[in-house]
Amino acid sequence: MAVFYLDNQFLVKNGRTRLVVALLLLMLAPVSAAQRVPDQEMMSRWLQDMKTDAKGPFERIMWFCNDGEVLPPKPYACASHGGGIQHGELNDRARAIRGAGYYVANVLAEFDPPDITVAVEGRERLQQILLERYLIAIDGGWIFRHVGQYRGALQIEDEIAGARRILMALSGPPFAGQSDFLLRRDATRLLAHGLDLPSLTDVRQRSTELVEGDQGFEPLRNKIHGQPDAMDAERVRAYALGRPADVRTMDYERLAMAIDQLYLRRNISDQLSLLADRVKSRLVASRLRVGAEALAAHLDPETRFDVSSDLLAFIRNSVAEAGGAELQLALLDVGSSLELEVFRAGTTLVARVPHVGRSRGLFWLNMSSAALYGSGMISERQWFAIQASIRRLIKREVSLAEYREELRYLSRMPSWASRWQQFHYGAAIEHLAAIEPLVRNFLAEQLRSSPLVIYSNILDTLLQDANTLARIPHQLFGKTAGVGLRKLNPGLTRGILRQSPPGRSGLGLERDGVYLLPATTAELSPVAGILTLGEGNALSHVQILANNLGIPNVAVDHSLLIPIQQKLNRPVVLAASPG
């Protein structure tokens, strides 16, 4: 006896006629998008279509009842089914993409803890959820771009509740250990769960969007990306005043307002004090109260930077001692607020580094390393190594050669942080990038949204000072250049000197080119060498890409633009020594 399946019903072979009918039915059944096996190019096109579709990835609105029933959107439809939630039902294309292993179009309201805490698949799903949250933030809502107008597709209260379930599930196995602290920190920042904080990513994205329609804004965009400070809001407003009367300036004002919000002082002391009254550990409560008192009593940025960085490192080591899942999440939320405080105070200190003694600059560098550890960007072993290196410079007299050697060691921090991010997200990014290339910018944005932006800018100033002391010679086309050239990524190469056209991405460039590129180039083809125009540093878009691809990269000042452009389309040698 042979058994066949049709529409989930058993069909027993009982004569020739029934078998023929069964085969005919199978051949005539329509094949939906969800049943096809789509290729990556097709799925990529589907995602682009969802960005413009009024329903996004959804087909219709339905009730999803607790007993498993799915019912039409009628009032109280799930009342007799143990309750339920209403949201959009994924269309065939979205289901097909998910069936191919790409966890997009996530409705957080329907997630249960086992979805992310069980086996390897759970970890992969969590990583892709976080990558999707990033895409939503930087691409105008991504495939959910118009869903806000599709009433009932996503209920904000249910989404927040779902996000909180995910975040609280991360307090237990397999994510409770130190090695997964970065994932917990990122989930706390990326999953909206009731804590509303301004976003550095939002500021950078708005400035990038302005450059797409206004190339003249690029120098200010580069400043905001590389060396931000509170006065950037007024710089944006001043720039907008100089624009022609027929140019839409509201987008400039929105950017300025986002910068103002980023630097708006918040009463973090109350947040610390309230949590101190709730946590289970007396030690954690005591440290939170001491931090609250210090931040309430001091307005100077140095004290606030010191206290916030120290607290961040303490929270990472103590999060499990706070109590249950709710209290651990509350402590991580405090950490998010402290990271913003580190950013606000740190950008003020960065501007002062050239005017204070080297010991002071090294002390600030040490505190920023504590903030980096507290934000999960480096391991404890790496943090201790950085502290030991700085202590060697502060506690005894050193030669210029030793000073420069220690600074070169301290320059490893961005690479360490980048590798740690790659360890957590590299495979998920490569997987999702096959159908959405925008996700490749995630790692760079994570680095620039962390205290690493403060660490790198302080270190950059110390390195420039050390090179000045050492009288490091620079040459431009055979002539001595005292200033305006600075090594970012060492190497020796030769090629044709070229300049990327304005507004063009870093893709499709000639492999034999030594390219003059803006620091904010988001993508990069393999090229022979790079000259980064403007305030390039270890966290600029182009340097992160150059470091990953092993491409020599030298920052060049705008004052050298004309002599460089005069040599365009000619063969050149680019030599950047490690020193």
Point to revise | Degrees separating the helix 380-394 axis from the principal Cα axis of the chain, which is the longest one | key: 10
Review point. Tilt of helix 282-297 relative to the longest C-alpha principal axis of the chain, in degrees (0 to 90, nearest 10)?
Key: 50
Revision key, fill the gap. Simple SL model, points at 7 angstrom along Cα→Cβ for Glu41 and Arg352; separation in nm is 5.8
Practice item. Determine ³J(HN,Hα), in whole Hz, for all residues of the stretch 562-569 in sequence, where each value follows from phi through the Karplus function 6.51 cos²θ - 1.76 cosθ + 1.60 and θ = phi - 60°; x replaces Gly and Pro. Key: 5, x, 6, 5, 5, 9, 4, 6
Revision key, fill the gap. proj_area_mean for the stretch 144-261 (convex hull on C-alpha atoms), units nm², value 10.1
Exercise for review: Extending each Cα 7 Å along its Cβ direction at Ser525 and Val70, get the distance between those two points in nm, one decimal.
Suggested key: 4.4
Check your understanding: How much accessible surface area, in Å² rounded to 10, belongs to the heavy atoms of Asp460 with a 1.4 Å probe?
Key -> 20
Exercise for review: Rounded to the nearest 0.05, what FRET efficiency do Ala161 and Ser359 give with R0 = 51 Å and r taken as the Cβ-Cβ distance? Could you check?
Suggested key: 0.50
Check your understanding: Amide H of His474: which non-local residues (sequence gap of 5 or more, or other chain) have their own amide H closer than 5 Å, using H built in the peptide plane?
Key -> Ala481
Point to revise | Area accessible to solvent at Arg265, 1.4 Å probe radius, in Å² | key: 130
Review point. Per residue, how much accessible area does the stretch 430-528 show when a 1.4 Å probe rolls over the protein heavy atoms, in square angstrom?
Key: 44
Exercise for review: Match the structure shown to one of the listed values (i) 94, 65, 56; (ii) 81, 69, 57; (iii) 112, 76, 59 of Cα extents along the principal axes in Å, computed from it, and give that label.
Suggested key: (i)
Practice item. List, in order, the whole-Hz ³J(HN,Hα) value for each residue of the stretch 451-466 obtained from phi through the Karplus relation with A = 6.51, B = -1.76, C = 1.60 and θ = phi - 60°; use x for Gly and Pro. Key: x, 4, 5, 6, 3, 5, 5, 5, 4, 4, 5, 5, 5, 4, 4, 5
Study note, to complete from the structure: Rounded to the nearest 5, the percent of DSSP beta bridges in the chain running antiparallel is 65
Exercise for review: Take the Cα of Met168, step 7 Å along the line toward its Cβ, and report every residue of the stretch 114-128 whose backbone nitrogen sits under 19 Å from that point.
Suggested key: 114-118
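Could you sort out which of Lys280/Lys395; Lys223/Lys567; Lys51/Lys487; Lys223/Lys479; Lys487/Lys567 sit more than 32 Å apart by Cα distance in this structure?
Lys280/Lys395; Lys51/Lys487
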Point to revise | Solvent exposure, largest accessible area first (probe 1.4 Å, DNA, RNA and ligands not counted), of Phe384, Phe181 | key: Phe384, Phe181
Check your understanding: Over the C-alpha atoms of the stretch 323-376, what are the Rg and the largest Cα-to-Cα span, Dmax, in Å?
Key -> 14.3, 46
Practice item. With the full set of protein chains in place, find how many percent of the accessible area of the chain is carbon and sulfur; take the probe as 1.4 Å. Key: 53
Revision key, fill the gap. Heads up, the stretch 230-287 by the C-alpha gyration tensor (a ≥ b ≥ c square roots of eigenvalues; a/c under 1.5 rounded, else a/b over b/c prolate, else oblate) looks prolate
Exercise for review: For n ≥ 4 DSSP H runs only, could you compute -39500 (n - 2.57) per run for the chain, divide by its residues and tell me the 222 nm figure to the nearest 500?
Suggested key: -16500 deg cm²/dmol
Review point. Got a number for the accessible area of His298? Probe 1.4 Å, square angstrom, nearest 10.
Key: 80
Exercise for review: Select from the stretch 446-525 those chymotrypsin sites (Phe, Trp or Tyr not before Pro) which occupy a DSSP coil region and have at most 13 other Cβ atoms within 10 Å, ordered by residue number.
Suggested key: Phe477
Review point. Given H placed 1.01 Å from N in the peptide plane, which residues other than close sequence neighbours of Glu89 have an amide H under 5 Å from its amide H?
Key: Glu59, Arg60, Ile61, Met62
Revision key, fill the gap. Two pseudo-spin positions, 7 Å from Cα along C-beta at Leu264 and at Arg511, lie apart in nanometres by 5.2
**Study point:** Residue-wise HN-Hα coupling along the stretch 484-489, computed from phi with Karplus coefficients 6.51, -1.76, 1.60 (Hz; x: Gly, Pro)
**Key:** x, 10, 8, 5, 10, 10
Check your understanding: Applying 1/(1 + (r/R0)^6) with R0 = 35 Å to the Cβ-Cβ distance of Ala575 and Ile394, what FRET efficiency is obtained, to the nearest 0.05?
Key -> 0.55
Check your understanding: Amide H neighbours of Arg498 under 5 Å, counting only residues 5+ apart in sequence or on other chains, H built in-plane at 1.01 Å?
Key -> Val514, Tyr515, Leu516, Asn569
Point to revise | Computed E for Gln464/Asp251 - FRET, C-beta separation, R0 41 angstrom, nearest 0.05 | key: 0.75
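The values are calculated or read from the model by the stated rules, or taken from the named source; none is laboratory data. Keep in mind it's a predicted model, so treat the numbers as computed, not measured. Cβ sites come from the backbone with ideal geometry, for glycine too, and all protein chains shown count toward neighbours. Just so you know, the surface numbers come from the protein's heavy atoms only, side chains and all, with ligands and any DNA or RNA stripped out. Shrake-Rupley method; radii C 1.70, N 1.55, O 1.52, S 1.80 Å.
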